[in-house]
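Coordinate-derived values only; no laboratory data. Since this is a predicted model, take the numbers as computed values, not measurements. Heads up, the Cβs are rebuilt from the backbone with ideal geometry, glycines too, and the neighbour counts pull from every protein chain shown.
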Amino acid sequence: MTVRKLIDFSEILAPNRRLLGLDIGQKTVGLALSDTSRTVATPMETLILKKFSKTAVELLDICVEQEVAALVIGLPVNMDGTEGPRCQSVRQFARNLEAHFDMEIAFWDERLSTVAVTKTMLEADMSRAKRAENVDKMAAAYILQGALDFLSNHYSQNGGPPPDTWT
């Protein structure tokens, strides 16, 4: 596994492969999956954190089944841009994945992702139980969509290839 800048994904990833977004919490990992053209993120599921090796195997199985090219992991940066204990924990989670499988990883600033998702669910009049059930995977989709939009905007502004021709 190599941790890279998100922008480098365009040069190294095989075409028509998905990205998997992760929102890593203290008890759960929310997952979201991109389409093969890497333009739309869809909430997928929420994994309950178990012993790390079991969680890693679950992630590997999903990556193989869904033909995932790389992971986009939300990094819980403080509002002032500094990194605290939660960032250290997420970075350690990523480093621990290295022992289980070879996958490219990029981090994406997830500031306010849970807040934005919760606000959307409240506006949709979703019950507290439904919000609790969905918040992690929806936050993962919010994180992944931000990364996909960044990549798409980068290429549209810099005259590079559109996302569906990434190689």
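In debye to the nearest 20, how big a dipole does region 1-90 give about its Cα centre with +1 on each Lys and Arg Cβ and -1 on each Asp and Glu Cβ? It would help to have the intermediate numbers written out before the result.
On the way: 10 positive and 11 negative charges, 47 e Å.
It works out to roughly 220 debye.
Measuring from label point to label point, each 7 Å out along Cα→Cβ, what is the residue 80 to residue 57 span in nm?
A separation of 4.4 nm, rounded to one decimal place.
For a quick check: with amide H placed at 1.01 Å from N, whose amide H comes under 5 Å from residue 70's, ignoring anything fewer than 5 positions away on the same chain?
Residues meeting the amide H criterion: 20.
Using 0.36 nm per residue of separation minus the Cα-Cα distance, give me the extension gain between residue 123 and residue 153 in nm, one decimal. Provide the component values of the computation, followed by the final result.
Working: separation 30, 0.36 × 30 = 10.80 nm, distance 2.81 nm.
Extra length from residue 123 to residue 153 when fully extended: 8.0 nm.
Determine the alpha carbon to alpha carbon distance for each of 54/119; 54/137; 51/137; 27/54; 27/119 and list only those over 24 Å.
Working: 54/119 32 Å; 54/137 19 Å; 51/137 20 Å; 27/54 14 Å; 27/119 22 Å.
54/119, as the Cα separations exceed 24 Å there.
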